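The values are calculated or read from the model by the stated rules, or taken from the named source; none is laboratory data. These numbers were taken from a predicted model, which means no experiment stands behind them. So basically every Cβ, Gly included, is an ideal-geometry build from the backbone, and we count neighbours across all protein chains shown.
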Amino acid sequence: MAAQSFKSAIRQVKPILSTDHEEARKRVLNLYKAWYRHIPYLVLDFDIPKSIPQCREKLREEFMKHQHVTDIRVIDMLVIKGQMELKEVANKWKQKGHIMTYFKDTIEPKPTDFLSKFFAGHE
């Protein structure tokens, strides 16, 4: 009896946008293409100190970070958030500091021990 009610609870979950994995995949690819096409404008508008190929590599890295996600509802939410980010960037509602946070993990970390700080010229 409990298993039957559990199965009915699973069936009642409605999809956000996509009805199957193929449709969700198409949405992800469309979002990726939109970001890919917008990168040259992003680099020019925000004066990003990275080249267009570097930015496109970072875009690929960000998308590959979520490749393990299989739940269609989660994929749809990530696509919605990605579309919102793209709209904010395209309308220039974000500033350069917001854009540079995408590149924060690619910046070399500051040295922590004394000798590394000394050789790097830090205090």
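Data for the structure
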quantity	calculated
Among (1) closer than 30 Å to ILE16 by Cα; (2) outside any helix (DSSP H, G or I); (3) more than 14 Å from the chain's Cα centre (by Cα), the one test that VAL69 misses	(3)
Any pair with Cβ under 8 angstrom, 6 or more apart, that starts in the range 15-30 at a residue that is over 13 Å from GLN83 (Cβ atoms) and ends at one that is among the charged types (D, E, K, R)	PRO15/ARG73; PRO15/ASP76; SER18/ARG27; SER18/ASP76; ALA24/ASP76
Residue among ILE75, ILE10 that is in a helix (DSSP H, G or I), modelled with pLDDT of 85 or more and of a type in the set (Val, Ile, Thr)	ILE75
Residue selected from the range 93-109 under the condition charged (D, E, K, R) and either part of a helix (DSSP H, G or I) or surrounded by 11 or more Cβ atoms within 10 Å (Cβ to Cβ) (or both), by the criterion modelled with the highest pLDDT	LYS94
Flag if PRO49 is closer than 19 Å to LYS104 by Cα and more than 18 Å from the chain's Cα centre (by Cα)	yes
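To keep it simple, each residue is scored yes or no on (1) touching a residue at least 40 places away in the same chain (Cβ under 8 Å); (2) in contact with a helix residue (DSSP H, G or I) (Cβ under 6 Å, 6 or more places away or on another chain); (3) surrounded by fewer than 16 Cβ atoms within 10 Å (Cβ to Cβ).
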| residue | (1), (2), (3) |
| --- | --- |
| ILE39 | no, yes, no |
| LEU44 | no, no, yes |
| ASP47 | yes, no, yes |
| LYS50 | yes, no, no |
| PRO53 | no, no, yes |
| VAL74 | no, no, yes |
| LYS81 | no, no, yes |
| ASN91 | no, no, yes |
